[in-house]
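What follows is a single structure, written as C-alpha coordinates, with notes after it.
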Amino acid sequence: MKKTVLVSGGAGFIGSHVTVELIQAGYEVVVADNMSNCDLTCFEGVKKITGRDDIPFEKTDFCDAAAADALFAKYPIDAVIHFAAFKAVGESVAKPVMYYKNNLGSFLNVLEAAGAHGCHNVLFSSSATVYGEPDVVPVTERSPRKPATSPYGATKQMCEDILRDTVRATAGTPGEIKGILLRYFNPIGAHPSALIGELPRGVPNNLVPFITQTAIGKRECLSIFGNDYPTPDGTCQRDYIDIVDLAKAHVCAVARMMDGKMTEGCEVYNIGTGRPVSVLELVNAFQKVNGLKLNYRFAPRREGDVTAIWADPSLANKVLGWKAGRSVEDTLAAAWAWEKHLAGK
Ligand code: UDP
(Lines give C-alpha, C1' and ligand atoms only; values in the text may rest on other atoms or scores of the structure.)
Protein backbone atom coordinates (compact mmCIF):
# COMPACT_ATOMS: atom_id res chain seq x y z
CA MET A 1 0.00 0.00 0.00
CA LYS A 2 1.15 3.50 -0.78
CA LYS A 3 2.43 5.55 2.13
CA THR A 4 0.79 8.87 2.86
CA VAL A 5 2.74 12.05 3.54
CA LEU A 6 1.15 15.19 4.94
CA VAL A 7 2.79 18.35 3.60
CA SER A 8 1.93 21.30 5.81
CA GLY A 9 2.40 24.54 3.92
CA GLY A 10 2.15 22.43 0.80
CA ALA A 11 0.78 25.17 -1.45
CA GLY A 12 3.88 27.35 -1.05
CA PHE A 13 7.14 27.53 -2.96
CA ILE A 14 9.04 24.65 -1.39
CA GLY A 15 5.96 22.64 -0.41
CA SER A 16 4.61 22.51 -3.95
CA HIS A 17 7.89 21.28 -5.41
CA VAL A 18 8.18 18.67 -2.67
CA THR A 19 4.61 17.52 -3.35
CA VAL A 20 5.46 16.94 -7.02
CA GLU A 21 8.56 14.90 -6.21
CA LEU A 22 6.76 12.82 -3.57
CA ILE A 23 3.92 11.98 -5.93
CA GLN A 24 6.34 11.12 -8.71
CA ALA A 25 8.17 8.85 -6.27
CA GLY A 26 4.94 6.97 -5.53
CA TYR A 27 3.68 8.54 -2.31
CA GLU A 28 0.16 9.71 -1.58
CA VAL A 29 0.27 13.32 -0.49
CA VAL A 30 -2.16 15.37 1.55
CA VAL A 31 -1.56 19.06 0.98
CA ALA A 32 -2.57 21.40 3.78
CA ASP A 33 -2.12 25.14 3.86
CA ASN A 34 -3.84 28.09 5.50
CA MET A 35 -3.18 30.17 2.36
CA SER A 36 -1.86 33.04 4.46
CA ASN A 37 1.03 33.64 2.08
CA CYS A 38 -0.02 32.02 -1.17
CA ASP A 39 -2.92 31.34 -3.50
CA LEU A 40 -3.85 28.19 -5.39
CA THR A 41 -1.56 28.89 -8.36
CA CYS A 42 1.11 26.41 -7.31
CA PHE A 43 -1.34 23.75 -6.19
CA GLU A 44 -3.01 23.93 -9.61
CA GLY A 45 0.44 23.66 -11.17
CA VAL A 46 1.20 20.57 -9.07
CA LYS A 47 -1.96 18.90 -10.36
CA LYS A 48 -0.99 19.65 -13.96
CA ILE A 49 2.60 18.44 -13.60
CA THR A 50 1.61 15.19 -11.89
CA GLY A 51 -1.54 14.65 -13.96
CA ARG A 52 -3.37 14.08 -10.69
CA ASP A 53 -6.63 15.89 -10.22
CA ASP A 54 -7.43 14.11 -6.98
CA ILE A 55 -4.68 15.28 -4.62
CA PRO A 56 -6.40 16.01 -1.31
CA PHE A 57 -6.17 19.66 -0.36
CA GLU A 58 -7.13 20.95 3.07
CA LYS A 59 -7.31 24.59 4.04
CA THR A 60 -5.96 24.11 7.52
CA ASP A 61 -4.41 26.54 9.95
CA PHE A 62 -2.07 24.46 12.09
CA CYS A 63 -2.25 27.07 14.83
CA ASP A 64 -5.72 25.68 15.42
CA ALA A 65 -5.05 22.54 17.49
CA ALA A 66 -8.47 21.01 16.81
CA ALA A 67 -8.04 21.52 13.06
CA ALA A 68 -4.59 19.91 13.12
CA ASP A 69 -5.97 16.98 15.08
CA ALA A 70 -8.92 16.59 12.70
CA LEU A 71 -6.54 16.34 9.77
CA PHE A 72 -4.57 13.50 11.34
CA ALA A 73 -7.87 11.81 12.22
CA LYS A 74 -9.12 12.06 8.64
CA TYR A 75 -6.10 10.62 6.79
CA PRO A 76 -3.77 7.67 7.51
CA ILE A 77 -0.67 9.85 7.72
CA ASP A 78 2.63 7.95 7.82
CA ALA A 79 4.89 11.00 7.79
CA VAL A 80 4.53 14.75 8.02
CA ILE A 81 6.78 17.35 6.41
CA HIS A 82 6.28 20.64 8.19
CA PHE A 83 6.75 23.79 6.12
CA ALA A 84 3.86 25.90 7.40
CA ALA A 85 5.60 28.97 8.83
CA PHE A 86 6.17 32.67 8.34
CA LYS A 87 9.54 33.34 6.76
CA ALA A 88 10.29 37.04 6.36
CA VAL A 89 13.26 37.99 8.52
CA GLY A 90 12.51 41.73 8.63
CA GLU A 91 8.85 41.21 9.42
CA SER A 92 9.81 38.87 12.24
CA VAL A 93 11.90 41.62 13.83
CA ALA A 94 8.91 43.97 13.64
CA LYS A 95 6.32 41.39 14.77
CA PRO A 96 8.06 38.89 17.05
CA VAL A 97 4.94 37.74 18.87
CA MET A 98 3.20 36.96 15.61
CA TYR A 99 6.22 34.91 14.49
CA TYR A 100 6.68 32.97 17.71
CA LYS A 101 2.98 32.30 17.99
CA ASN A 102 2.60 31.09 14.44
CA ASN A 103 5.84 29.19 13.87
CA LEU A 104 6.03 27.52 17.27
CA GLY A 105 2.28 27.10 17.75
CA SER A 106 1.72 25.35 14.44
CA PHE A 107 4.64 22.98 14.94
CA LEU A 108 3.59 22.08 18.48
CA ASN A 109 0.11 21.26 17.22
CA VAL A 110 1.54 19.11 14.43
CA LEU A 111 3.64 17.17 16.93
CA GLU A 112 0.75 16.73 19.32
CA ALA A 113 -1.60 15.54 16.58
CA ALA A 114 1.06 13.25 15.07
CA GLY A 115 1.62 11.69 18.49
CA ALA A 116 -2.09 11.26 19.13
CA HIS A 117 -2.71 9.53 15.80
CA GLY A 118 0.24 7.19 15.52
CA CYS A 119 2.27 9.12 12.99
CA HIS A 120 5.89 8.36 13.82
CA ASN A 121 7.83 10.33 11.24
CA VAL A 122 8.35 14.08 11.32
CA LEU A 123 10.51 16.07 8.95
CA PHE A 124 11.12 19.68 9.86
CA SER A 125 12.13 22.29 7.32
CA SER A 126 14.99 24.14 8.97
CA SER A 127 17.47 26.62 7.63
CA ALA A 128 21.14 27.49 7.40
CA THR A 129 20.11 30.57 9.38
CA VAL A 130 20.63 28.43 12.51
CA TYR A 131 24.41 28.68 11.90
CA GLY A 132 24.35 32.50 12.04
CA GLU A 133 27.67 34.03 10.91
CA PRO A 134 29.90 30.95 10.78
CA ASP A 135 33.52 31.04 11.96
CA VAL A 136 34.49 28.40 9.41
CA VAL A 137 33.01 27.69 5.98
CA PRO A 138 31.73 25.41 4.62
CA VAL A 139 29.52 24.51 7.57
CA THR A 140 28.92 20.92 8.55
CA GLU A 141 26.02 19.68 10.65
CA ARG A 142 28.38 19.76 13.62
CA SER A 143 29.21 23.44 13.17
CA PRO A 144 27.90 25.39 16.15
CA ARG A 145 24.52 27.04 16.04
CA LYS A 146 24.95 30.73 16.77
CA PRO A 147 22.49 32.94 18.67
CA ALA A 148 19.70 33.80 16.26
CA THR A 149 19.78 37.30 14.80
CA SER A 150 16.01 37.48 14.26
CA PRO A 151 12.85 36.00 15.75
CA TYR A 152 12.47 34.08 12.48
CA GLY A 153 15.86 32.43 13.02
CA ALA A 154 15.02 31.81 16.66
CA THR A 155 11.85 29.95 15.67
CA LYS A 156 13.90 27.65 13.42
CA GLN A 157 16.29 26.87 16.28
CA MET A 158 13.46 26.38 18.75
CA CYS A 159 11.55 24.06 16.45
CA GLU A 160 14.73 22.01 15.95
CA ASP A 161 15.03 21.72 19.74
CA ILE A 162 11.36 20.90 20.18
CA LEU A 163 11.64 18.04 17.70
CA ARG A 164 14.86 16.75 19.27
CA ASP A 165 13.29 16.77 22.74
CA THR A 166 10.17 15.03 21.43
CA VAL A 167 12.27 12.33 19.78
CA ARG A 168 14.21 11.82 23.00
CA ALA A 169 11.10 11.70 25.17
CA THR A 170 9.22 9.25 22.96
CA ALA A 171 12.11 6.90 22.15
CA GLY A 172 11.14 3.30 22.81
CA THR A 173 7.51 4.11 23.55
CA PRO A 174 4.51 3.16 21.38
CA GLY A 175 4.24 6.83 20.40
CA GLU A 176 7.84 6.98 19.23
CA ILE A 177 8.61 9.93 16.95
CA LYS A 178 11.58 9.94 14.59
CA GLY A 179 12.77 13.30 13.34
CA ILE A 180 14.78 14.66 10.45
CA LEU A 181 15.92 18.26 10.28
CA LEU A 182 16.80 19.49 6.82
CA ARG A 183 18.79 22.71 6.90
CA TYR A 184 18.25 24.47 3.61
CA PHE A 185 20.74 26.91 2.23
CA ASN A 186 19.29 29.28 -0.41
CA PRO A 187 16.56 27.55 -2.44
CA ILE A 188 16.02 29.22 -5.81
CA GLY A 189 14.59 28.49 -9.25
CA ALA A 190 11.41 26.84 -10.39
CA HIS A 191 10.13 23.59 -11.82
CA PRO A 192 11.35 23.02 -15.40
CA SER A 193 7.69 22.95 -16.52
CA ALA A 194 7.42 26.61 -15.40
CA LEU A 195 4.08 25.65 -13.82
CA ILE A 196 5.22 26.19 -10.23
CA GLY A 197 7.70 28.59 -8.67
CA GLU A 198 8.17 31.35 -6.14
CA LEU A 199 5.25 33.77 -5.74
CA PRO A 200 6.27 36.53 -3.36
CA ARG A 201 3.59 38.91 -2.17
CA GLY A 202 4.61 42.55 -2.52
CA VAL A 203 8.25 43.49 -2.81
CA PRO A 204 10.41 40.35 -2.74
CA ASN A 205 12.88 40.02 0.12
CA ASN A 206 14.90 37.33 -1.60
CA LEU A 207 17.46 37.90 -4.29
CA VAL A 208 16.26 35.75 -7.18
CA PRO A 209 12.62 36.87 -7.27
CA PHE A 210 13.89 40.44 -7.09
CA ILE A 211 16.17 39.73 -10.06
CA THR A 212 13.43 38.15 -12.18
CA GLN A 213 10.92 40.89 -11.32
CA THR A 214 13.48 43.51 -12.30
CA ALA A 215 14.20 41.72 -15.56
CA ILE A 216 10.49 41.57 -16.44
CA GLY A 217 10.03 45.26 -15.60
CA LYS A 218 8.03 44.94 -12.38
CA ARG A 219 10.90 46.52 -10.40
CA GLU A 220 13.09 49.28 -11.64
CA CYS A 221 16.45 48.30 -10.29
CA LEU A 222 18.03 45.58 -8.17
CA SER A 223 19.96 46.83 -5.17
CA ILE A 224 22.97 44.68 -4.38
CA PHE A 225 23.31 45.02 -0.65
CA GLY A 226 26.98 45.68 0.05
CA ASN A 227 30.08 45.40 -2.15
CA ASP A 228 32.64 45.93 0.58
CA TYR A 229 32.45 42.52 2.23
CA PRO A 230 35.69 40.55 2.72
CA THR A 231 34.86 38.20 -0.18
CA PRO A 232 36.56 37.85 -3.60
CA ASP A 233 34.30 40.43 -5.30
CA GLY A 234 33.04 42.25 -2.21
CA THR A 235 29.48 40.88 -2.36
CA CYS A 236 28.04 38.22 -0.04
CA GLN A 237 28.43 34.55 -0.82
CA ARG A 238 25.66 31.99 -0.49
CA ASP A 239 24.93 28.40 -1.45
CA TYR A 240 22.09 28.62 -3.98
CA ILE A 241 20.33 25.28 -4.23
CA ASP A 242 17.95 24.41 -7.04
CA ILE A 243 14.39 23.99 -5.77
CA VAL A 244 13.84 20.67 -7.56
CA ASP A 245 17.13 19.29 -6.21
CA LEU A 246 16.07 20.45 -2.76
CA ALA A 247 12.66 18.82 -3.16
CA LYS A 248 14.29 15.52 -4.08
CA ALA A 249 16.24 15.60 -0.80
CA HIS A 250 12.88 15.34 0.98
CA VAL A 251 11.99 12.19 -0.91
CA CYS A 252 15.31 10.63 0.13
CA ALA A 253 14.76 11.68 3.74
CA VAL A 254 11.18 10.42 3.88
CA ALA A 255 12.22 7.10 2.36
CA ARG A 256 14.97 6.74 4.97
CA MET A 257 12.46 7.33 7.76
CA MET A 258 9.79 5.04 6.38
CA ASP A 259 12.19 2.24 5.54
CA GLY A 260 13.45 2.22 9.11
CA LYS A 261 16.99 3.07 8.04
CA MET A 262 17.63 5.87 10.52
CA THR A 263 20.53 5.27 12.88
CA GLU A 264 19.63 8.09 15.26
CA GLY A 265 16.24 9.21 16.51
CA CYS A 266 16.81 12.68 15.15
CA GLU A 267 19.05 13.22 12.16
CA VAL A 268 20.15 16.49 10.63
CA TYR A 269 21.33 17.22 7.11
CA ASN A 270 22.62 20.24 5.26
CA ILE A 271 20.87 20.63 1.94
CA GLY A 272 23.10 22.67 -0.31
CA THR A 273 25.48 22.36 -3.24
CA GLY A 274 28.75 22.97 -1.42
CA ARG A 275 29.50 25.77 -3.89
CA PRO A 276 29.73 29.42 -2.85
CA VAL A 277 28.30 31.95 -5.32
CA SER A 278 28.45 35.71 -4.78
CA VAL A 279 25.55 38.05 -5.44
CA LEU A 280 27.46 39.53 -8.36
CA GLU A 281 28.28 36.11 -9.79
CA LEU A 282 24.62 35.17 -9.57
CA VAL A 283 23.53 38.37 -11.32
CA ASN A 284 26.11 37.81 -14.07
CA ALA A 285 25.08 34.18 -14.52
CA PHE A 286 21.43 35.26 -14.79
CA GLN A 287 22.28 37.83 -17.47
CA LYS A 288 24.42 35.41 -19.44
CA VAL A 289 22.16 32.36 -19.46
CA ASN A 290 19.06 34.39 -20.28
CA GLY A 291 20.77 36.77 -22.71
CA LEU A 292 19.62 39.99 -21.07
CA LYS A 293 20.93 42.96 -19.16
CA LEU A 294 19.79 43.58 -15.64
CA ASN A 295 19.48 47.02 -14.14
CA TYR A 296 21.36 46.94 -10.83
CA ARG A 297 23.26 49.20 -8.50
CA PHE A 298 25.32 48.77 -5.39
CA ALA A 299 23.58 49.77 -2.18
CA PRO A 300 24.53 49.76 1.50
CA ARG A 301 24.74 46.47 3.37
CA ARG A 302 21.46 44.99 4.61
CA GLU A 303 21.29 44.64 8.36
CA GLY A 304 21.62 41.10 9.62
CA ASP A 305 23.22 39.63 6.48
CA VAL A 306 26.08 37.21 7.03
CA THR A 307 29.15 37.65 4.85
CA ALA A 308 29.53 34.15 3.51
CA ILE A 309 27.95 30.79 4.15
CA TRP A 310 27.85 27.61 2.18
CA ALA A 311 27.23 23.98 2.99
CA ASP A 312 29.35 20.95 3.38
CA PRO A 313 26.66 18.61 1.99
CA SER A 314 28.76 15.43 2.24
CA LEU A 315 26.61 13.88 4.97
CA ALA A 316 23.45 14.16 2.86
CA ASN A 317 25.41 12.94 -0.17
CA LYS A 318 26.61 9.88 1.69
CA VAL A 319 23.77 8.95 4.00
CA LEU A 320 20.72 10.13 2.06
CA GLY A 321 22.25 9.24 -1.30
CA TRP A 322 21.25 12.71 -2.46
CA LYS A 323 23.28 15.21 -4.41
CA ALA A 324 22.48 18.60 -5.96
CA GLY A 325 22.65 18.10 -9.70
CA ARG A 326 21.50 21.20 -11.56
CA SER A 327 23.87 23.98 -12.55
CA VAL A 328 23.18 27.47 -11.29
CA GLU A 329 22.69 28.51 -14.95
CA ASP A 330 19.91 25.96 -15.53
CA THR A 331 18.31 27.01 -12.27
CA LEU A 332 18.37 30.68 -13.22
CA ALA A 333 16.93 29.86 -16.64
CA ALA A 334 14.07 28.06 -14.89
CA ALA A 335 13.48 31.03 -12.57
CA TRP A 336 13.25 33.31 -15.61
CA ALA A 337 10.90 30.93 -17.45
CA TRP A 338 8.60 30.98 -14.40
CA GLU A 339 8.59 34.79 -14.22
CA LYS A 340 7.70 34.92 -17.91
CA HIS A 341 4.97 32.32 -17.37
CA LEU A 342 3.50 34.54 -14.63
CA ALA A 343 3.57 37.49 -16.98
CA GLY A 344 1.79 35.43 -19.64
CA LYS A 345 4.80 35.66 -21.98
N1 UDP B 1 20.36 40.51 -1.77
C2 UDP B 1 20.60 41.65 -2.52
N3 UDP B 1 19.53 42.36 -2.98
C4 UDP B 1 18.23 41.98 -2.76
C5 UDP B 1 18.00 40.79 -2.02
C6 UDP B 1 19.08 40.09 -1.53
O7 UDP B 1 21.75 42.05 -2.73
O8 UDP B 1 17.32 42.68 -3.22
C9 UDP B 1 21.51 39.73 -1.26
C10 UDP B 1 21.53 39.61 0.24
O11 UDP B 1 22.22 40.70 0.80
C12 UDP B 1 22.28 38.28 0.41
C13 UDP B 1 21.89 37.48 -0.82
O14 UDP B 1 21.38 38.41 -1.75
O15 UDP B 1 23.66 38.50 0.36
C16 UDP B 1 20.81 36.43 -0.53
O17 UDP B 1 19.73 37.07 0.11
P18 UDP B 1 18.33 36.36 0.31
O19 UDP B 1 17.44 37.35 1.01
O20 UDP B 1 17.84 35.83 -0.99
O21 UDP B 1 18.66 35.10 1.24
P22 UDP B 1 19.38 35.02 2.68
O23 UDP B 1 20.74 34.48 2.43
O24 UDP B 1 19.37 36.38 3.28
O25 UDP B 1 18.53 34.05 3.41
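The values are calculated or read from the model by the stated rules, or taken from the named source; none is laboratory data. This is a predicted model, so every value here is computed, not measured. Note that we place each Cβ from the backbone using ideal geometry, even for glycine, and neighbour counts take in every protein chain shown.
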Next item on the list: May I ask you to verify whether Asn270 is crowded, with 18+ Cβ neighbours inside 10 Å, of a type outside the set (Phe, Trp, Tyr), at pLDDT 95 or above and over 23 Å from the mean Cα position of the chain (by Cα)?
Entry: no
Check: Can you name the number of the only condition in (1) more than 16 Å from the ligand (Cβ to nearest atom); (2) among the hydroxyl-bearing types (Ser, Thr, Tyr); (3) surrounded by 23 or more Cβ atoms within 10 Å (Cβ to Cβ) that Thr263 fails?
Finding: (3)
Checklist line | Condition check for Val89: free of Cβ contacts under 8 Å to residues at least 24 places away in the same chain, in contact with a helix residue (DSSP H, G or I) (Cβ under 9 Å, 6 or more places away or on another chain) and of a type in the set (A, V, I, L, M, F, W, C) | finding: no
Item checked: Residue within the range 91-98 that is within 15 Å of the ligand (Cβ to nearest atom), on the phi < 0 side of the Ramachandran plot, buried (at least 22 other Cβ atoms within 10 Å of the Cβ) and in a helix (DSSP H, G or I) present -> yes
Check: For Thr173, are the conditions met, namely being more than 16 Å from the ligand (Cβ to nearest atom), in a helix (DSSP H, G or I) and hydroxyl-bearing (Ser, Thr, Tyr)?
Finding: no
Next item on the list: Tell me which of these Thr149 doesn't satisfy, since it passes every other one: (1) at pLDDT 95 or above; (2) of a type in the set (Ser, Thr, Tyr); (3) within 11 Å of the ligand (Cβ to nearest atom).
Entry: (1)
Item checked: Matching residues in the range 281-302 - criterion: being within 10 Å of the ligand (Cβ to nearest atom) and assigned to a loop (DSSP other than H, G, I, E, B) -> Arg301, Arg302
Next item on the list: Scan the range 331-343 and report the pairs whose first residue is modelled with pLDDT of 95 or more and whose second residue is assigned to a helix (DSSP H, G or I) and of a type in the set (A, V, I, L, M, F, W, C), with Cβ atoms within less than 6 Å and a gap of 6+ or a chain change.
Entry: Leu332/Ala285; Leu332/Phe286; Leu332/Val289; Ala333/Val289; Ala335/Val208; Glu339/Ile216; Ala343/Ile216
Next item on the list: With the checklist (1) within 9 Å of the ligand (Cβ to nearest atom); (2) in contact (Cβ under 8 Å) with a residue 60 or more places away in the chain; (3) in contact with a helix residue (DSSP H, G or I) (Cβ under 7 Å, 6 or more places away or on another chain) in hand, flag the one item Thr212 doesn't pass.
Entry: (1)
Margin query: Taking the criterion of being in a loop (DSSP other than H, G, I, E, B) and either at pLDDT 95 or above or away from the ligand (no atom under 13 Å from the Cβ) (or both), would at least one residue in the range 246-257 satisfy it?
Written below: no
Next item on the list: Look at Ala68 and say whether it is surrounded by 22 or more Cβ atoms within 10 Å (Cβ to Cβ) and outside any helix (DSSP H, G or I).
Entry: no
